[in-house]
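J.: Please see the structure below; I have some questions.
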Amino acid sequence: MTATGAARKLLTILAELAFEAGFQRAGRRAIGPRASHRRSPMAAKRRKVFQIGFNRCGTRAIARFLEHHGYRAAHWEFGQLAKDLKQDIAEGRRPLGGWADFDVFTDMELVDDETCIEGFREFRALHEAYPKALFVLNTRDVETWLRSRARHAEGVYLQSYRKHHGLPHRHAVLDKWRRDWFEHHLDVLDYFSGARRENLLLWSIERPNFKGLSVKLGHALDEAAWHQVGSAEADAGFPRVF
């Protein structure tokens, strides 16, 4: 991809995010009454939801938020989600077919010294298997995300990633992560264009699009149930690592 082409596509991302944020503000009052802790009246018609952004972008918060609304969420599961997804695709089975009782899938990855599975990148295979599902591209400011990911598990995550990919030092890891962040966002927006756009929701953890999510899921949402889970507050004050 040329620099000009990449710049144009990045402008597309920014425009999409601006649209989603504006859509949220314009429709905030139209969401409906606050949901209670009871299961959603739409529980029997719940839409499958796959989180397809990076970790350290509110993955657990998304799972907990949707659980509050009656969804059954599988979050990370000690890497078993990622391993099953990879094996299902390799063996020609329906991805995550063994998790049929769950509605929401978040943090589908496993990274250690021997393994690096980033299941969220398999959004094409997941969409083919679940054509009516909702795919949530969770995002945040990229530099804040880099700081958060670098300090994840007290830096062990970064070192495992470095060893697995044979990178010489932490700055090489950060450079790769920054490139991966932009490339993945572009890939998702390219794929979910045209008729597929209905399957995609951009979710900025800094500007949650409650209205957009409510429309995509077909029922009211309790905005007060959204909470950052993890160390987002600490990330803001963490010193720069590049």
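J.: May I ask for the distance between the Cα centers of the stretch 54-82 and the stretch 141-160, given as a whole number of Å?
T.: Rounded to whole Å, the Cα centres lie 19 Å apart.
J.: Let me ask you something else. How are the Cα pair distances of the stretch 49-107 distributed, in percent, across 10 Å bins from 0?
T.: Reading the bins upward from 0: 24, 53, 21, 2.
J.: Something else now. Modelled label-to-label distance, D190 and V215, 7 Å Cα→beta-carbon offset: nm?
T.: About 2.7 nm separates the two model spin labels.
J.: Report the residues of the stretch 84-104 in range of a label on K176: point 7 Å along Cα→C-beta, backbone N strictly under 20 Å from it.
T.: It comes to 86, nothing else.
J.: Another question about this same structure. Go ahead and run the numbers for FRET between E198 and T115, Cβ-Cβ distance against an R0 of 30 Å, rounding to 0.05.
T.: Working: r = 34 Å, r/R0 = 1.14.
Once rounded, the FRET efficiency stands at 0.30.
J.: Please work out how much length the chain gains when fully extended from D141 to E154, using 0.36 nm per residue of separation minus the C-alpha to C-alpha distance, in nm with one decimal. If you can, show how the numbers build up before the last one.
T.: Working: separation 13, 0.36 × 13 = 4.68 nm, distance 2.07 nm.
2.6 nm is the gain from fully extending D141 to E154.
J.: What residues have an amide H closer than 5 Å to that of L200, excluding those fewer than 5 places away on the same chain, when H is modeled at 1.01 Å from N in the peptide plane?
T.: Those qualifying (amide H under 5 Å, at least 5 residues apart or on another chain) are F135.
J.: Let me ask something else. How long are the three semi-axes of the equivalent ellipsoid of the stretch 85-242, in whole Å, if each is the root of 5 times an eigenvalue of the C-alpha gyration tensor, listed from largest down?
T.: Details: eigenvalues 150, 96, 44 Å².
Square roots of five times the eigenvalues give 27, 22, 15 Å.
Values quoted throughout were computed directly from the atomic coordinates according to the rules given, and no laboratory measurement underlies them. From a predicted model like this one, the values you see are computed outputs, not experimental measurements. Glycine gets a Cβ as well: all are built from the backbone with ideal geometry, and neighbour counts include every protein chain shown.
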